[in-house]
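The values are calculated or read from the model by the stated rules, or taken from the named source; none is laboratory data. Computed from a predicted model, the values in this text were never measured in an experiment. Positions of Cβ are backbone-derived with ideal geometry, glycine not excepted, and every protein chain shown enters the neighbour counts. The protein model used for the area step is the full one, side chains on, heavy atoms only, and it has no ligands, DNA or RNA in it. Shrake-Rupley method; radii C 1.70, N 1.55, O 1.52, S 1.80 Å.
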Amino acid sequence: MKTGTGSRLLTREGEAAAYAAARMPATFEAAREAILQALEASGLAPRTLLDCGAGTGAATWAAAELLDLDAITCLEREDAMRSVGSTLMRAGSGALSRAQWAPCDLTAQAALPKAELVVEGYMLGELREDMRLPVARRLWEASEKMLVLIEPGTPQGFANLAAVRRELTALGAHAAAPCPAGSINCPMTGDDWCHFAVRVQRTRLHKQLKGGDAPYEDEKYCYLALTREAPEAPCAARVLRHPLIAPGRIALTLCEAGEKKQRIVTKKDALWKRARKIGAGERV
């Protein structure tokens, strides 16, 4: 599939079902981790959710696992994706089973319904470049408390979110996560980019669909959480890369107050015990 052109993708129900089986486990885990970090940093507990470009609903399932939601609205352009996503969600419980699905072209001008939490997962990169910031502004206008954007962990995915960060913070948004407290400018420049990874355990069906024998896969992703109010508990620093562990020392690559830093932790440090288990993407 060619993304970044605004072209229609996965227009047949069989294709959407195959996508759900092959990709939802990974996109769910990425969305869950991104939303979890956003909630921890912001101190928020939203009760209403708007999932924009919902696909088959992975981000909504992730949010519902972490929050006590009262109402869910999923917007998706493709009929096939809505059909598969809504069918899966009706088998859920609580707000999932009552979720409202509606067709929506996010590049149109009509106002979006509002919700305390607005999410998008792997959608911005599918749009034409000239439409990404206008759509991001519409998502921000719809969010009453927080907007969480999740994109592939590629240089392009990061560049898309960096552009959104510049645009929306200029309009008053607060970057709650992954950015640490005091971060004004992003230190990731040149060939470096901010991205994380989650490990996804593969089922037998998943391995068959992927055509591989490995019991797991790593999903790389980028994310950005923006809030209306200053976040209650932003992290002091965030681990950017997997720690390098050597006898008696652990090397951490951190983003701290908008600066990329290297920190060596030894057995004498209070952080030693936690550093032995800490992973990329976690707060310090």
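Observations
- Applying a threshold of 8 Å to beta carbon distances and a minimum spacing of six or more residues, or different chains, the list of pairs starting in the stretch 125-142 at a residue that is among the aromatic types (Phe, Trp, Tyr) and ending at one that is loosely packed, with under 14 Cβ neighbours inside 10 Å reads Trp140/Leu171.
- Filtering Ala58, Ala110, Ala99 for residues that are at pLDDT below 95 and small (Gly, Ala, Ser) leaves a single hit, Ala110.
- Residues that are among the β-branched types (Val, Ile, Thr) and either under 14 Å from Met24 (Cα atoms) or surrounded by fewer than 23 Cβ atoms within 10 Å (Cβ to Cβ) (or both), drawn from the stretch 52-89: Thr56, Thr60, Thr73, Val84, Thr87
- Contacts under 8 angstrom Cβ, first residue in the stretch 220-245 being without any contact (Cβ under 8 Å) to a residue 12 or more places away in the chain, partner surrounded by 14 or more Cβ atoms within 10 Å (Cβ to Cβ), 6 or more apart: Leu244/Ile250; Leu244/Ala251
- Scope the stretch 100-126; condition open to solvent by 20 Å² or more (accessible area, probe 1.4 Å) and of a type in the set (A, V, I, L, M); matching residues: Ala102, Ala108, Ala110, Ala111, Leu112
Okay, residues lined up against (1) over 16 Å from the mean Cα position of the chain (by Cα); (2) of a type in the set (A, V, I, L, M):
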site: Ala95; (1), (2): yes, yes
site: Asp105; (1), (2): yes, no
site: Ala110; (1), (2): yes, yes
site: Leu127; (1), (2): yes, yes
site: Gly153; (1), (2): no, no
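- Qualifying residue in the stretch 35-51 (condition: crowded, with 21+ Cβ neighbours inside 10 Å, touching a Gly at 6+ places or on another chain (Cβ under 6 Å), modelled with pLDDT of 95 or more and closer than 30 Å to Glu232 by Cα): no
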